[in-house]
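Visitor: Attaching a single structure in structure tokens format; questions to follow.
The values are calculated or read from the model by the stated rules, or taken from the named source; none is laboratory data. Since we're looking at a predicted model, the values are computed, not measured. Here Cβ is always computed from backbone atoms with ideal geometry, including for glycine, and neighbour counts include all displayed protein chains. The accessibility values were calculated without ligands, DNA or RNA, using every heavy atom of the protein model including side chains. Shrake-Rupley method; radii C 1.70, N 1.55, O 1.52, S 1.80 Å.
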Amino acid sequence: MPRAYVPSALARQPWQVIVPLAMLVGFGGAVLYSAAGGHFQPWAVTHVARFGVFLAMAMVIARIPQDWFKRAALPIYVGLCLLLVLVELIGGIGGGSQRWLNLGFMTLQPSELMKPGIVLVLAWFYSVLPVGETQGWRAIAPALVLLGIPGLLVALQPDLGTALAISFGALVMMFLAGLPLRLFIGGGLAVAIIAPLAFFFALRDYQRKRVFVFLDPENDPLGSGYHITQSKIAIGSGGLFGKGFGQGSQSHLDYLPEAHTDFVFATMAEEWGMLGGLFVLAVFALVLRWGLKVAMNAPDRFSRLLAAGMVTTIFFYVCINLMMVMGLAPVVGIPLPFMSHGGSSMMTNMICIGTIMAVGRWSRPGRAGLL
Amino acid sequence: MAKLPMTSAILTNRFERRTFVLGLGQAGVGVLLAARLGYLAVAENDKYRAASESNRVNLTLIPPRRGWVIDRTGAPLASNRADFRVDLIPDRVTDPAAALGTLSQLLGLTPDKVRDIRDKLEKARGLQPVEVASNLDWDKFAAVSVRLPELPGVIPQRGFSRLYPGGAAVGHLVGYVGPASAEDYESERNPLLITPGFKIGKDGLEKHFEVRLRGVPGARRVEATASGRVVRDLGTREDVPGKPVQLTIHAGLQDYAARRLGLESGSVVVMDCQTGDLLAMVSMPSFDPNSFSDGIGRIEWKMLSEDDHVPLRNKVLRGLYPPGSTVKPMVALSFLEAGLDPEATVGCGGGLRVGNRVFHCWNRRGHGTVNMAKGIYQSCDVYFYHFAQKIGMDAIAAMARRLGLGQSFPMPYPGQSFGTVPDPAWKQRKYQKEWAIYDTVNATIGQGYMLVNPLQQAVMAARIASGLELNPRLIMTRDAPRSSPLGLKQEHLDYIHAAMNEVVNGRGTAGKARLPIPDVQMAGKTGTAQVVGLNIGNGKGGLWKHRDHGHFICFAPFDKPRFACAVVIEHGGGSGAAYPVARDVMTYLFDQTKALDVLAGYESQWGGNVEQRMTAKYNAYAAKFGASAPQAPDEAQAAQVVAEDNRPVSEPAAAQTAAAPPAPEPEPVAASAPAPADAPVVAPGSNGPGSAAQPAPAPQGQ
């Protein structure tokens, strides 16, 4: 469309990602509408409304100058770490594991915010690190400390899924920052050796059970294997075109657990079939490809790493969730971005999107101020 | 590369390459996910579609209506009644205590019932339903139904439950039903067995004819949520009721005989003398199969297991008794077969010396000159002592077996006891001992090693009456095989029949057994069997457990036998307890009104009919023990207890035989047959039937 007719602030928005995202959220809303038995309440409306609110938030983030990001990186990181400690303390006093803080008007889950937080602080760290130091221990040790503190705090909660998400984000950041390849190969080998040991000595019983059940869900059809089995039945029974909108028996008759949150993809696939699933995959492919392109075209090291890290965070959500619902990964409580009903994950993912949009703005010549 | 100085350009280049790899990795994961999606949704679609259907559609089995058990006229002995019931599925109950509390309040359950249910809940596994209540009225049923949302695992339903119109009278005959046990389910693996409201045969015919009676379950297809809430009905298939089983039993006679036994512990068997049809087969006291089928409660179990009249034992098939003098017509037949002249006589002076030991006649004063007929109608022991020694035991034992003693009949019940017909070969085999002359003497008066069950006594009576090799027939079939003759001479039979007629209608021992029916004369034979040695009791009074058993076998009309009957009264104190029962039961066959009038008189003295007496006793127990009664056993345990109870007396203990092995020399007479202090003054029958009114038969058997 000709630029003359549209205000430039509007025209310069990255519509190539906002439109597919909106379609995905709308589709998610339709699935939630069906999962609620044909009602907009309680999920569909809030889902779409949240997207609107957080999209506005993302657009605001997109206008924040790079300096502010750089200056805020460390204070945000420290603040989040303090919040994690606070959560741990409250949980300790309350006598149980707690992952959130009740702020009165909303519940805040610091570990969720730590996912983009770790990306931000590592992007800042590698941007200030002298180029010559990137191959030595000075590039590795501080990064490991930065990862270790929140990683351990989250693992203590215990929230293995989020701890893994944070670690994955940090590792990809280190990989992209240009650390020697042999470190990652060596690390991979070490993990291959340590993982079995950790499995037997470090994991808690219920976590170990999840792994067993993942390996053989039919062995525990009514216990925790139930989730995987029912999810596979929902997806498998949908076929190519699905059972039809509002016709999913697995979700409507409550066989599918968490049909509106973690297993929303199964709810969708039952009614929309493989075609609906391919649509969801296509939207994620578009969004992630856009993110990586922004990262490639970014003007400097900080923005490159920041954008790529945010893409990785979103990717990790999508990858683990879809593998879980299709029986390729153990059941971990990770929702599907833009489809699952839930405020925290929508906020985290929109922070990631907003940050990538900001990087996109920095890449364009002639940008000016906040507006 | 490591040697070159690191520059921004190199790092940027490395970033781009690695980002590209990352992008490739993400694309790879995307392709993998798409492939997995295709595999699940397209390649395995059929499998998962079926799984989803089996989730969605819930098949509820409708227990089939059980086939009826009917009598020879088509009247029901076991039928079904429509009722409302409530069951609990242990696995689905979240809070058993709260659920039971609510239910007992809604249904008005008594504390002992609640404890029974709690016991069963603890034992029940998984999906095996536990019955809370059945036969509910609509109000209570509706009260439970409306509160279902707060009672997970509680299943109210309308269905059919078993009804035994005859109550306790058919308890041993038909058996009872109950919920399938875990063992039943494990052996059959049929989901019907864990369907609430379904019951399988637990005992008697109900168990034996399980397959035939069961039928085919109906099914209701509903769409239900994972938690079991029904969303909509998809259709119902009707059940196919089980096939009926028709018995040769006459329900009215069965019921009458059970009531007529009154307070006694005993059994009555009535047979048709032409076909062998069993018209009645009663063992009393008994249990009420109606309440057993609802689950055996703690109070009921305590009441039954503490009863020394062993209501859980089917005495017809599992009770073994020395037959006493009822064997005398049989022994006499063997004499005739062996060529003994019936007019051959022996002088009875009240006893007979065998070896160095005196065997007494029951009548201490002696019968004078006794021929065969008098030997039977006066039940003279000396006559039989004398001629049995001449004829020998082998001939007697052979006749006993021909007439059905010691024989096992193919009845549809587990674990019959079929007793012993002793002979020299048997004793050698069993005890590695020579047959002694006193063994013969004992056996000819139905004591010693000889043991029979009441069914065999009825068969013996029917075979003597008909001369046919009759076998007891319980199941009505269209093509009953004709019985072949036993090969006995008709003149021998006629002689025995006449002598047995004399027992009742002449100078015999059972004058009071005469039928109040004109033109119908009944022939019979009394029997009194000692339970304990005379050194312990005289068999007439004292401890109930020590009293003599009373026997009576009979058939009528004597000249054209139509029905045969055997009555055993445990510890009745002698045959005087048995023949009035036989008389009234036989009367019922010819004139029901007369028989029922007599019964009404008795029942007013006994405190009501069987059902009323059992209810009164139950209430007394409930008031006394309440919920404190010990826990009722589960099915398996109950079966075991009953089996223990029914274990036949393996060997006749010395104390239970009258003249069995002589005591040490010095005081042989005192040990074996001491004179009872109150020996009968009047020989029954000697003054005609009237004087038999107070027969106090001596221990040796009458």
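Visitor: In debye, nearest 20, what is the charge dipole magnitude of the protein assembly as shown about its Cα centre with +1 on Lys and Arg Cβ and -1 on Asp and Glu Cβ, if you could check? Walk me through the numbers before you get to the answer.
Guide: On the way: 99 positive and 83 negative charges, 775 e Å.
So the dipole magnitude of the protein assembly as shown works out to roughly 3720 debye.
Visitor: Given B:489/B:594; B:199/B:302; B:545/B:617; B:374/B:540; A:232/B:199, which pairs have Cα atoms separated by over 31 Å? List each step's numbers first, then the result.
Guide: Working: B:489/B:594 37 Å; B:199/B:302 23 Å; B:545/B:617 21 Å; B:374/B:540 25 Å; A:232/B:199 38 Å.
From the list (B:489/B:594; B:199/B:302; B:545/B:617; B:374/B:540; A:232/B:199), the Cα-Cα distance tops 31 Å for B:489/B:594; A:232/B:199.
Visitor: Additional query: Computed FRET efficiency, Cβ-Cβ of residue A:197 and residue B:619, R0 51 Å: what is it to the nearest 0.05? Intermediate values should be presented prior to the final figure.
Guide: On the way: r = 71 Å, r/R0 = 1.40.
That gives a FRET efficiency of 0.10.
Visitor: Comparing A:57, A:346, A:326, which has the greatest mean-square fluctuation in the GNM of chain A with Cα pairs linked when under 10 Å apart?
Guide: A:57
Visitor: Follow-up. What residues have an amide H closer than 5 Å to that of residue B:218, excluding those fewer than 5 places away on the same chain, when H is modeled at 1.01 Å from N in the peptide plane?
Guide: Answer set, sorted by chain and number: B:62, B:239, B:240.
Visitor: Tell me the label-point distance for the pair residue B:353, residue B:39, using the 7 Å Cα-to-Cβ offset, in nm and rounded to one decimal.
Guide: Distance between label points: 10.6 nm.
Visitor: Where in segment B:275-366 are there GluC sites (Glu not before Pro) that are in a DSSP coil and have at most 12 other Cβ atoms within 10 angstrom of their Cβ?
Guide: Details: sites: B:300, B:306, B:337, B:343; in loops: B:306, B:343.
The qualifying sites are B:306, B:343.
Visitor: Under a crude label model (7 Å from the Cα following the beta-carbon direction), how far is residue A:247 from residue A:204 in nanometres?
Guide: 4.3 nm
Visitor: Given springs between every Cα pair under 10 Å in a Gaussian network model of chain A, which of A:36, A:266, A:190 has the largest fluctuation?
Guide: Maximum among the listed residues: A:190.
Visitor: Another one. Can you pull the accessible area of residue A:344 for me, 1.4 Å probe, Å² to the nearest 10?
Guide: Here the residue's solvent-accessible area equals roughly 40 Å².
Visitor: I'd like the FRET efficiency for residue B:544 and residue B:220, computed as 1/(1 + (r/R0)^6) with the beta carbon distance as r and R0 of 56 Å, rounded to 0.05.
Guide: E(calc), rounded to 0.05, equals 0.55.
Visitor: Under 10 Å, Cα contacts only: if you run a Gaussian network model on chain A, which one of A:193, A:356, A:233 comes out with the highest mean-square fluctuation?
Guide: Greatest mean-square fluctuation among the candidates belongs to A:193.
Visitor: So what is the calculated 222 nm ellipticity per residue for chain B, using -39500 (n - 2.57) for each DSSP H run with n of 4 or more, over all residues, to the nearest 500 deg cm²/dmol?
Guide: Working: 26 runs with 266 residues, N = 702.
Counting only the DSSP helices, I get -11000 deg cm²/dmol.
Visitor: Heavy atoms of the protein only, probe of 1.4 Å, neighbouring chains included. What is the accessible area of residue A:46 in Å², nearest 10?
Guide: Its heavy atoms expose roughly 50 Å² to the probe.
Visitor: Can you list the trypsin sites (Lys or Arg not before Pro) in segment A:102-209 that are in a DSSP coil and have 12 or fewer other beta carbons within 10 angstrom? Spell out each step's value before the answer.
Guide: Numbers: sites: A:138, A:182, A:204, A:208, A:209; in loops: A:204.
Passing both the DSSP loop test and the Cβ count: A:204.
Visitor: Using helices alone, I'd like the mean residue ellipticity at 222 nm for chain A: each DSSP H run of four-plus residues gives -39500 (n - 2.57), total over residue count, nearest 500. Before the final figure, lay out the partial values.
Guide: Values: 14 runs with 259 residues, N = 371.
Mean residue ellipticity at 222 nm (helix-derived): -23500 deg cm²/dmol.
Visitor: Let me ask something else. Which aspartates and glutamates, on any chain, are close to residue B:430 with Cα under 13 Å apart, when same-chain ones fewer than 8 places away are left out?
Guide: Straight-distance partners of residue B:430: B:651.
Visitor: Let me ask another. I need to check one value: relative contact order of segment B:352-412, counting alpha carbon pairs closer than 8 Å and at least 6 residues apart, in percent.
Guide: Relative contact order, segment B:352-412: 23 percent.
Visitor: Can you list the residues of segment B:256-295 with backbone N under 18 Å from a point 7 Å past the Cα of residue B:477, pointing along Cα to Cβ?
Guide: Under cut-off, by backbone N: B:272, B:274-279.
Visitor: Additional query: Can you pull the one-decimal nm distance between simple spin-label points at residue A:85 and residue B:12, each 7 Å off the Cα toward Cβ?
Guide: 4.0 nm
Visitor: Just to verify a number: what accessible area does residue B:68 come out at with the full protein assembly present, 1.4 Å probe, Å² rounded to tens?
Guide: Roll a 1.4 Å probe over it and residue B:68 shows about 110 Å².
Visitor: Which shape class applies to chain A: rounded if a/c is under 1.5, otherwise prolate when a/b exceeds b/c and oblate if not, where a ≥ b ≥ c are the square roots of the Cα gyration tensor eigenvalues? Kindly include the intermediate steps, with their values, before the conclusion.
Guide: Details: a/c = 1.68, a/b = 1.13, b/c = 1.49.
Oblate is the answer for chain A, as a/c is 1.5 or above yet b/c matches or exceeds a/b.
Visitor: Using a 1.4 angstrom probe on the protein heavy atoms only, line up A:118, A:76 by accessible area, largest first. If you can, show how the numbers build up before the last one.
Guide: Working: A:118 0, A:76 80 Å².
Reading off the accessible areas and sorting them downward yields A:76, A:118.
Visitor: Given charges of +1 on the Cβ of Lys and Arg and -1 on the Cβ of Asp and Glu, with all other atoms neutral, how large is the dipole of segment B:58-246 about its Cα centre, in debye to the nearest 20?
Guide: Numbers: 28 positive and 24 negative charges, 86 e Å.
Computed charge dipole of segment B:58-246: roughly 420 debye.
Visitor: Using the heavy atoms of the protein chains alone and a 1.4 angstrom probe, what is the accessible area of the protein assembly as shown per residue in square angstrom?
Guide: On the way: 44710 Å² over 1073 residues.
So the protein assembly as shown comes to 42 Å² accessible per residue, rounded to a whole number.
Visitor: Further, regarding this structure: Please identify the trypsin sites (Lys or Arg not before Pro) of segment B:475-575 that satisfy two criteria: DSSP loop assignment and at most 13 other Cβ atoms within 10 Å. Which are they?
Guide: Working: sites: B:478, B:482, B:489, B:507, B:512, B:514, B:525, B:540, B:545, B:547, B:562; in loops: B:478, B:482, B:489, B:507, B:514, B:540, B:547, B:562.
Passing sites in segment B:475-575 are B:478, B:482, B:489.
Visitor: Counting only protein heavy atoms and rolling a 1.4 Å probe, how much accessible area do A and B lose on contact, total for both sides, in Å² to 100?
Guide: On the way: alone 17760 and 30700 Å², together 44710 Å².
For A against B, buried area totals roughly 3800 Å².
Visitor: Between residue B:24 and residue A:128, take the C-beta separation as r, use R0 = 22 Å, and let me know the FRET efficiency to the nearest 0.05. Mind showing how you got there, number by number?
Guide: Numbers: r = 30 Å, r/R0 = 1.35.
The computed FRET efficiency comes out at 0.15.
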